[in-house]
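Note sheet for the following structure.
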Amino acid sequence: MGSIFKRTLKSAIYNPAAERLMSWMHRHKPRILTYHSFPKTQVENFARQCEHLRRYYNPVSMDEVVTFVRDLKPLPPRSVAITIDDGYRDVYEFGAPVLRRFHIPATLYAVPAFLDRQCWLWWDCISYALFHSPLNQAQLIVPGNELSPATFALGSVAQRQALATHISISLSRFDDQSRWVQDFAQRLQVNLPATPVPPYDAISWEQTRELAANGFAIGSHTMNHRVTGTLHDPDVKRFEINGSRERLEAMLHRPVHHFSFPNGGIGDFSHTDIELVKQAGYSSAVTTLIGMLDDEADCFQLPRINAGADMDLSFFKMRLAGLFQYTHATNIPVRVSGD
Ligand SMILES: [Zn+2]
């Protein structure tokens, strides 16, 4: 869909009276919002979102969400929990100061191997390779069409951006993304640095400890951002689910209670995975299934509403109020060049 059409659609959807009505109708259903990164250019917009949250909603922690779902302990009307997946450095640099300013608690689901500088997040490799390629067009093999390399134009930032999104979404259901990523980089004539460079780099352990001491809960998002539903070896699943918790607890010196399934959509996690998460001792697990929480919510398959520091404020208000079912969400946060 073209971006002008999208913008028109979003502003057509915005209606203050409808927003107020929907927000009131759903006032007893807590929401969990999903964020990923906070580029400097999006800080002001994010602050406007936080101002709205603070003024018209009641920000709560994931611990409070768990007591609502598990123990049926009531929460204030229009409760909302902020969650942030992955653990980029800009969460510390630009996101956390805004949250602090508005006294909004948040949960960061971190990927320990990323914080240990042992891996890139794979979609960032694709984004990096596309934005650093010297080529004006490239022959790439895209998942689902392995037998025939296709030629893609790389003449403009918009073309590179669209291709990064397309490839990332196509790859998101595979488990061997690193193999694809190496092939893309080679075909794009790009040498990937051994560890992520800004703005793709991770928060440090020291910064994570500082957040944990200042109102952030730190949860796990698996050890290596592996999509648990695509893993077959139970030992590998356990390493990703239990091992990540152990690593976080050892580095943060505090218990880790909350888990976030990577990708988190239908098919990205199985019943076995949910059982493993319970056995590992977590008290909740969030997904990217879209929705609000009610009496029937399951603590280990909590739905969320996809947000983003760059999300248009009117659109953000409508989503938060309950119009999320008419919008399309992807949890692959492909960065725009220059962020
Ligand atoms: Zn993630």
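Among the residues of the range 267-289, write down those that are under 24 Å from residue 123 (Cα atoms) and within 16 Å of the ligand (Cβ to nearest atom). Hits for the range 267-289 are 267, 268, 269, 273, 285, 286, 287, 288, 289.
Of the residues in the range 126-146, at least one is within 16 Å of the ligand (Cβ to nearest atom), of a type in the set (S, T, N, Q) and either under 22 Å from the mean Cα position of the chain (by Cα) or outside the structural domain of residue 38 (by TED's automatic domain parsing) (or both).
Does the range 151-170 contain any residue that is under 20 Å from residue 288 (Cβ atoms) and surrounded by 23 or more Cβ atoms within 10 Å (Cβ to Cβ)? Yes, the conditions are met somewhere in the range 151-170. Taking the criterion of being surrounded by 21 or more Cβ atoms within 10 Å (Cβ to Cβ) and either within 16 Å of the ligand (Cβ to nearest atom) or outside the structural domain of residue 96 (by TED's automatic domain parsing) (or both), would at least one residue in the range 39-50 satisfy it? Checking the range 39-50: not a single residue is surrounded by 21 or more Cβ atoms within 10 Å (Cβ to Cβ) and either within 16 Å of the ligand (Cβ to nearest atom) or outside the structural domain of residue 96 (by TED's automatic domain parsing) (or both). A residue that is among the hydrophobic types (A, V, I, L, M, F, W, C), in contact with a helix residue (DSSP H, G or I) (Cβ under 7 Å, 6 or more places away or on another chain) and over 29 Å from residue 94 (Cα atoms) occurs nowhere in the range 312-321.
What's the total number of residues in the range 71-94 that are at pLDDT 95 or above and assigned to a helix (DSSP H, G or I)?
From the range 71-94, those at pLDDT 95 or above are 75-94; that's our starting set.
Narrowing the set further to residues that are assigned to a helix (DSSP H, G or I) leaves 89-94.
Counting residues in the range 71-94 that are at pLDDT 95 or above and assigned to a helix (DSSP H, G or I) gives 6.
Selection of the range 251-266 for residues being on the phi > 0 side of the Ramachandran plot and within 16 Å of the ligand (Cβ to nearest atom) yields 263, 264. Counting the residues of the range 70-111 that are out of contact with any Cys (no Cβ under 9 Å at 6 or more places or on another chain), among the aliphatic types (A, V, I, L, M) and within 16 Å of the ligand (Cβ to nearest atom) gives 5.
Close Cβ contacts (under 6 Å, 6 or more residues apart or on different chains) running from residues in the range 253-273 that are over 16 Å from residue 299 (Cα atoms) to residues that are within 16 Å of the ligand (Cβ to nearest atom) and modelled with pLDDT under 95 comprise 262/225; 262/227; 263/172; 263/227; 267/229; 268/227; 268/229.
The set of residues in the range 192-220 that are surrounded by fewer than 21 Cβ atoms within 10 Å (Cβ to Cβ) and in a helix (DSSP H, G or I) comprises 205, 206, 207, 209, 210, 212. Taking the conditions exactly as written (assigned to a helix (DSSP H, G or I), in the same structural domain as residue 256 (by TED's automatic domain parsing) and of a type in the set (Lys, Arg)), does residue 27 satisfy them or not? For residue 27, the condition - assigned to a helix (DSSP H, G or I), in the same structural domain as residue 256 (by TED's automatic domain parsing) and of a type in the set (Lys, Arg) - is not met.
The values are calculated or read from the model by the stated rules, or taken from the named source; none is laboratory data. What you are looking at is a predicted structure, and each value in this text was computed from that prediction instead of being measured. In this analysis, Cβ positions are derived from the backbone assuming ideal geometry, glycine residues included, and neighbour counts consider all displayed protein chains.
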